[in-house]
Amino acid sequence: MSASLPDSLKFTSDFTPRHVAIIMDGNGRWARSRGASVAYGHREGVEAVQRCVRAAIKQGVQFLTLYAFSSENWKRSEEEIGNLTALLRFYLRHKLSELHEQNVKLQIIGEPERFGKTLNKELQEAQDKTANNKVLTLTLALSYGGRAELVKATKLLIEEVVKGQLSLDDINEQHLSNCLQTASIPDPDILVRTSGEHRLSNFLLWQSAYSELLFLDVLWPDFQENHFSEIIDHYGRRNRRFGGRPR
């Protein structure tokens with residue numbers, strides 16, 4: 001990479017990341033350790049989402065992306081998928097007003113249509129209702145897979161080439177980024193996974209190329225504001241060079 005970096009990759013001394021992405025992991029283990037149902041763990045996980053959103057606003061983070069349901073999660077039992085779907089519907093009907101009052105913009109990436117027409121419609125209505133909010137953009141990844149997203153983006157580029165709208169030789173990283181579902185938001189400055197696991201699990205594979213990575217031992221239902229502060233503190237101590245050298 002040349003010494004002259006694009007604005008999106010310039011060295012930064014800011015202690016607060018613009019965009020935090022989190023793989024919310026550990027609901028099931030949290031519940032089982034208490035002899036409770038996995039559904040209970042997911043319900044407590046929703047409360048952790050609310051705490052996380054409040055902490056992000058308090059810390060001045062502009063974008064928060066949460067991995068709520070992966071494309072691989074469809075392999076789980078019908079009972080658990082049903083519980084997750086019901087919980088998502090509950091979140092929209094009972095927590096959306098709080099998000100709206102907090103001036104949070106909600107957007108969805110992934111394949112929300114797989115949850116059925118009714119729920120997909122409610123998701124779209126929630127996005128429409130909060131579309132003009134400015135304090136925080138909360139992106140929920142639902143039935144999302146990073147590889148599938150890249151395949152779809154590649155198909156869109158191929159279509160443009162076939163239609164003569166784009167030359168094959170002109171395709172670059174920015175063109176592909178513009179075809180991703182996250183095109184409207186910056187790439188994550190830091191990507192976090194809870195529960196002590198050390199995997200990306202097919203989450204934001206392209207977007208996280210230069211993200212700082214942090215793995216927390218806390219199970220998601222136990223996530224508190226102090227854990228978000230830990231993320232901010234950890235990020236502030238990183239030296240982000242993007243392949244270059246500090247000036």
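Summary of values
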read-out	value
Among the candidates ASP187, ASP170, residue that is closer than 20 Å to PRO17 by Cβ, of a type outside the set (S, T, N, Q) and open to solvent by 30 Å² or more (accessible area, probe 1.4 Å)	ASP187
Leading residue by the ranking (surrounded by the fewest Cβ atoms within 10 Å (Cβ to Cβ)) among those in the stretch 106-160 that are aliphatic (A, V, I, L, M) and out of contact with any strand residue (DSSP E or B) (no Cβ under 7 Å at 6 or more places or on another chain)	VAL151
Filtered residue count, the stretch 115-158, keeping only those that are over 19 Å from the mean Cα position of the chain (by Cα) and either closer than 22 Å to GLN207 by Cα or assigned to a strand (DSSP E or B) (or both)	5
Members of the stretch 18-37 that are over 22 Å from LEU64 (Cα atoms) and either open to solvent by less than 20 Å² (accessible area, probe 1.4 Å) or part of a loop (DSSP other than H, G, I, E, B) (or both)	GLY28, TRP30, ALA31, SER33, ARG34, GLY35, ALA36, SER37
Lone unmet requirement of (1) in contact (Cβ under 8 Å) with a residue 60 or more places away in the chain; (2) within 25 Å of ILE81 (Cβ to Cβ); (3) in contact with a Leu (Cβ under 9 Å, 6 or more places away or on another chain) for LYS152	(1)
Scan of the stretch 186-236 for residues that are acidic (Asp, Glu) and under 17 Å from TYR144 (Cβ atoms), ordered by number	ASP187
For TYR40: the one exception among (1) part of a helix (DSSP H, G or I); (2) touching a residue at least 12 places away in the same chain (Cβ under 8 Å); (3) open to solvent by 30 Å² or more (accessible area, probe 1.4 Å)	(2)
Residues satisfying the stated conditions in the stretch 201-217, i.e. open to solvent by 20 Å² or more (accessible area, probe 1.4 Å) and either more than 24 Å from LEU180 (Cα to Cα) or free of Cβ contacts under 8 Å to residues at least 12 places away in the same chain (or both)	PHE215, ASP217
Scan of the stretch 48-83 for residues that are in a helix (DSSP H, G or I) and touching a strand residue (DSSP E or B) at 6+ places or on another chain (Cβ under 8 Å), ordered by number	VAL49, CYS52, VAL53, ALA56, ILE57, SER71, ASN73, TRP74
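Yes/no per residue for (1) within 16 Å of the chain's Cα centre (by Cα); (2) part of a strand (DSSP E or B); (3) under 30 Å from ARG34 (Cβ atoms):
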{"site": "THR182", "(1), (2), (3)": "yes, no, no"}
{"site": "ILE185", "(1), (2), (3)": "yes, no, no"}
{"site": "VAL192", "(1), (2), (3)": "yes, yes, yes"}
{"site": "GLU197", "(1), (2), (3)": "no, no, yes"}
{"site": "SER201", "(1), (2), (3)": "yes, no, yes"}
{"site": "TYR210", "(1), (2), (3)": "yes, no, no"}
{"site": "PRO221", "(1), (2), (3)": "no, no, yes"}
{"site": "HIS227", "(1), (2), (3)": "no, no, yes"}
{"site": "ILE232", "(1), (2), (3)": "no, no, yes"}
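The values are calculated or read from the model by the stated rules, or taken from the named source; none is laboratory data. This one's a predicted model, so the numbers in the text were calculated from it and none came from an experiment. Cβ sites come from the backbone with ideal geometry, for glycine too, and all protein chains shown count toward neighbours. The accessibility values were calculated without ligands, DNA or RNA, using every heavy atom of the protein model including side chains. Shrake-Rupley method; radii C 1.70, N 1.55, O 1.52, S 1.80 Å.
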